[in-house]
Amino acid sequence: MKSIMNRMLVVLMVGALTSLVALAKVQKHRVTFDNDIKVNGSLVKKGTYDVKFDDKTGQLTIAKDGKIVAQAMARLEPRAKKANDFQLRSNGSGDDTHLIGVTFGGSDKDVVISSGGATTTGSN
């Protein structure tokens, strides 16, 4: 009887751990930057990139053709309502434009790289 209870406990623990891993997800969107932009100090030239956010690690990654161009630690902040479309937020202008956050379409959370005021640079 004791061994059956131990086995059931182990099965429940494995199931609980597996479900936690399944909750973590990576969001991804292809975006075209019309101008050069800085991400965490790294210059990202204008062009088309994949923007990925791993909510388990808090890592925002900008990649082109599978090669990582820039990475930044980010956090999730709640939104008032779900986003209709992918959005980029930046501050500064010209050569001093910095990406400060993104929002993935359908998400009720903003991915924030740094604090401060934000402007929308576009959506795709």
- request: Find the residue count for the range 1-41, including only residues that are under 26 Å from Gly105 (Cα atoms) and either at pLDDT 90 or above or open to solvent by 70 Å² or more (accessible area, probe 1.4 Å) (or both).
  value: 20
query: Are any of the residues in the range 74-89 at pLDDT 90 or above, within 16 Å of the chain's Cα centre (by Cα) and over 16 Å from Thr103 (Cα atoms)?
result: no
- request: Output the number of the condition that Ala118 fails; it satisfies all remaining conditions of (1) more than 11 Å from the chain's Cα centre (by Cα); (2) modelled with pLDDT of 90 or more; (3) of a type in the set (A, V, I, L, M, F, W, C).
  value: (2)
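The values are calculated or read from the model by the stated rules, or taken from the named source; none is laboratory data. All values derive from a computational prediction rather than experimental measurement. Just so you know, the surface numbers come from the protein's heavy atoms only, side chains and all, with ligands and any DNA or RNA stripped out. Shrake-Rupley method; radii C 1.70, N 1.55, O 1.52, S 1.80 Å.
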